[in-house]
Amino acid sequence: MFGQRRERRAVERGLRNIGPAVLAALAASLLTTDGVWDYVTNLAEVMATIAGVAVAWKTRRFVVSFVAAMVVLWLVQALS
């Protein structure tokens, strides 16, 4: 009985890192193409990534950071 609780806690601790890991992977994929750094990136995507990372850092909620990044992406694309 107590062993299952300990395992459950370990799994929950591991799952907490999935959101930030996915966000970091998406941010890194914006800057690389075929393993080579690509400095010519879309300004809207970079701004949305920065906004998403900032909101994720502040709120620690993946859905909120995703929504913020998408709103910034759409606004910058609409204005340019």
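The values are calculated or read from the model by the stated rules, or taken from the named source; none is laboratory data. If you're wondering where the values come from, they're calculated on a predicted model, not measured in any experiment. Using ideal geometry, Cβ is built from the backbone for each residue, glycine included, and neighbour counts are taken over all protein chains shown. The accessibility values were calculated without ligands, DNA or RNA, using every heavy atom of the protein model including side chains. Shrake-Rupley method; radii C 1.70, N 1.55, O 1.52, S 1.80 Å.
Could you check region 46-80 and list, in sequence order, the residues that are open to solvent by 70 Å² or more (accessible area, probe 1.4 Å), outside any loop (DSSP other than H, G, I, E, B) and not hydrophobic (A, V, I, L, M, F, W, C)?
Selection gives Lys58, Gln77.
Any chance region 21-36 includes a residue that's assigned to a helix (DSSP H, G or I), surrounded by fewer than 15 Cβ atoms within 10 Å (Cβ to Cβ) and at pLDDT 85 or above?
No, that holds for no residue.
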